[in-house]
Amino acid sequence: MTNQTLTAVAGIAVGHAHKLEGPTGCTVVLCPEGTIGGVDQRGGAPGTRETDLLRPMHMVEHVNAVLLTGGSAFGLDAAAGVMRFLEAKGQGFPVGTGVVPIVPAAVIFDLDLGNPEIRPDADLGYSACENASGAPVAEGCVGAGAGARVGTLAGLPTALKSGIGSAAVDLGDGLVVAALFVVNAIGDVLDEDGRILAGARLAPDASGPEGFIGSMNIMRNVVTLTQPPTTAANTVIGVVTTNGQLTKDEANKVAQMAHDGLARAIQPAHTMFDGDTVFALATGSGPRVNVSAIGAFAAEVTATAIRRAVQQATPLAGLPAISTERR
């Protein structure tokens, strides 16, 4: 499988649009007809749209697109552009007067990096749709990853640039599971051995492995509230996708299991300062599948995609990236 990104799932198209002068941007995942959607939201500070309808016991099952965007809650405006694009193509939930496109969305907080008045809007969302294709997904500081950073628990000056990453696994017989994640973590990104890959850089009076302070070391200073808790706002948001056949309940289970991969690669995860949200999509063009197995591999590609988000990032807006820090 030469394509190791989300578009390895046939029928899925991904498009980025960004304003690097922000920096900020958005990324859209366009779905083939009949795609089943689910969601699992675990962070304590989410910024989301149309997530309730993806949960069990709600009528709508099919998703037309998923939007990942910067700009905090302001960035949800970009979804209007995605809806405009889809409506013009007649794609959406049929109603008496036409269609209503189903576009769940989640945001990251990037207003403190650069110019907070530059945010994704409807036109940028529309542009992301125009840019969408089935080609391997561009990674790094593009789309919703333009304003992403990691390691802000000690403050923005010691943070590292992050971005968007993607990964896929071929399970044989044409069955694929893939992930796409925007990584804007308050803490550290860990490698496969649990070592810090990216996070808050060492302060002069601190110590830690690999030149990093270590988020858990910082957490020790706020555990009893003798020090003011951080006010940083962060989030890891993403999409896991398969071409296997899943029900809506099963898609929600896959989204839930994918959070295991998030917790393996991010420390700490799911805090009160995060809006950690995972969407799950099943296009259904492949065979009926075992939800537990798909969920397990969804966690694997989630962790890989998160690590790639920092590995593929480049310096921007005054923040260095590990791609240059370790040369």
Test result for ILE118, of a type in the set (A, V, I, L, M, F, W, C), open to solvent by less than 30 Å² (accessible area, probe 1.4 Å) and over 23 Å from MET1 (Cα atoms): no
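Could you check the stretch 242-327 for helices (runs of 4 or more DSSP H) lying wholly inside it with 3 or more residues that are of a type in the set (A, V, I, L, M, F, W, C) and either without any contact (Cβ under 8 Å) to a residue 40 or more places away in the chain or surrounded by 21 or more Cβ atoms within 10 Å (Cβ to Cβ) (or both)? First the steps, then the outcome.
Details: elements: 248-265, 291-311, 322-325.
Output list reads 248-265, 291-311.
Pick from LEU68, LEU76: which is out of contact with any Lys or Arg (no Cβ under 8 Å at 6 or more places or on another chain), closer than 23 Å to THR271 by Cβ and open to solvent by less than 70 Å² (accessible area, probe 1.4 Å)?
Working: LEU76 fails: out of contact with any Lys or Arg (no Cβ under 8 Å at 6 or more places or on another chain).
Among LEU68, LEU76, only LEU68 is out of contact with any Lys or Arg (no Cβ under 8 Å at 6 or more places or on another chain), closer than 23 Å to THR271 by Cβ and open to solvent by less than 70 Å² (accessible area, probe 1.4 Å).
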Within the stretch 156-163, is there a residue that is among the polar types (S, T, N, Q), crowded, with 22+ Cβ neighbours inside 10 Å and in a strand (DSSP E or B)? no
How many residues does the stretch 53-65 contain that are farther than 19 Å from ASP249 by Cβ and either of a type in the set (A, V, I, L, M, F, W, C) or surrounded by fewer than 24 Cβ atoms within 10 Å (Cβ to Cβ) (or both)? 1
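Of everything in the stretch 47-72, what is among the hydrophobic types (A, V, I, L, M, F, W, C) and modelled with pLDDT of 95 or more? Give them in sequence order.
Going through the stretch 47-72, the residues among the hydrophobic types (A, V, I, L, M, F, W, C) turn out to be 53-54, 57, 59-60, 63, 65-68.
Of everything in the stretch 47-72, those that are among the hydrophobic types (A, V, I, L, M, F, W, C) and modelled with pLDDT of 95 or more turn out to be VAL63, ALA65, VAL66, LEU67, LEU68.
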Scanning for something closer than 20 Å to VAL189 by Cβ and among the small types (Gly, Ala, Ser), does the stretch 281-289 turn up at least one residue? no
Given the conditions (1) open to solvent by 10 Å² or more (accessible area, probe 1.4 Å); (2) among the β-branched types (Val, Ile, Thr); (3) at pLDDT below 95, and given that VAL137 satisfies all but one, which numbered condition is not satisfied? (3)
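The values are calculated or read from the model by the stated rules, or taken from the named source; none is laboratory data. Keep in mind it's a predicted model, so treat the numbers as computed, not measured. As a convention, Cβ positions derive from the backbone with ideal geometry for all residues, glycine included, and neighbour counts pool all protein chains shown. In case anyone asks, the SASA skips ligands and DNA or RNA and just uses the protein heavy atoms, side chains included. Shrake-Rupley method; radii C 1.70, N 1.55, O 1.52, S 1.80 Å.
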